[in-house]
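Quick notes on the structure that follows.
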Amino acid sequence: MHNWFGNDEHRRQYEQFVDDALHLEETLSGLAAVPQLNVEQLRTATLTATPSIADAASDEYDRYERTEQRYQAGTQQDFGASMIEVGEGFGWFALATAMAIIVAGISAVVFLIVGYVLLPITMEDNGGMQHTMQLAALAAVGISVGAAAIGGLAMLAVAARNRARPTGEVEVYLAREEWRRAILHRGILPFMRTRLREASDEGTTLLG
């Protein structure tokens, strides 16, 4: 068994799959009906039969191993580079948005201060200058709010894009799950059912 799998971690994963199968209700019920076979004996028999069991999911295992090797070898660099480009582009956009908000905010404050400072002077023209300054301040506030809204939407868009793209770790996990399901349902459980049936038949023969 040690030599069949690509590395010790895969061997440990397989052993965990076997242990999981031993704790299924189906297996526990079968063992309860066959007193001459216990959990440890069934586990040992299953591990001994690993080569034939593993062959039942060889395609899935090969795919899992290749996916993991690609990830570990750093073939996800293209994905990483594309994400860096997106990050750099968004970084410049975020900087420009922040500057726009700051400048607009400062402008609004300046326009309001100037408007109130000029209030005594502009009384002669019925406050026309002050009104103009107030309008300019409101426009600056509008620009600031608009820039903040655009920046927030851009951040949400980038976050959604990042969540939508699978990472190398996710690909490895999905490949491992595919192998686990295949070897469990096409290899481990069928073997255990057969071994339980054989043990039951042997017990019946002895009783007869």
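Rule-based calculations on the coordinates, nothing more; no lab input. Since the model is a prediction, treat every value here as computed from it, not as a measurement. Cβ coordinates were reconstructed from backbone atoms using ideal geometry, including for glycine residues, and neighbour counts include every protein chain displayed.
Summing charges over neighbours of A54, with a neighbour being any other residue whose Cβ is under 13 Å away from its Cβ, gives -3 when K and R count +1 and D and E count -1.
Under a Cβ-Cβ cut-off of 12 Å, what is the net charge of the residues other than Q36 that fall near it, where Lys and Arg count +1 and Asp and Glu count -1? Here the charged neighbours net out to -2.
Counting beta carbons within 10 Å around each of I143, I53, I102 and listing the fewest first gives the order I102, I143, I53. Of the residues W179, W4, the one with the fewest other Cβ atoms within 10 Å heads the list, and the complete ranking is W4, W179.
Listing L184, L47 from fewest to most neighbouring C-beta atoms within 10 Å gives L47, L184.
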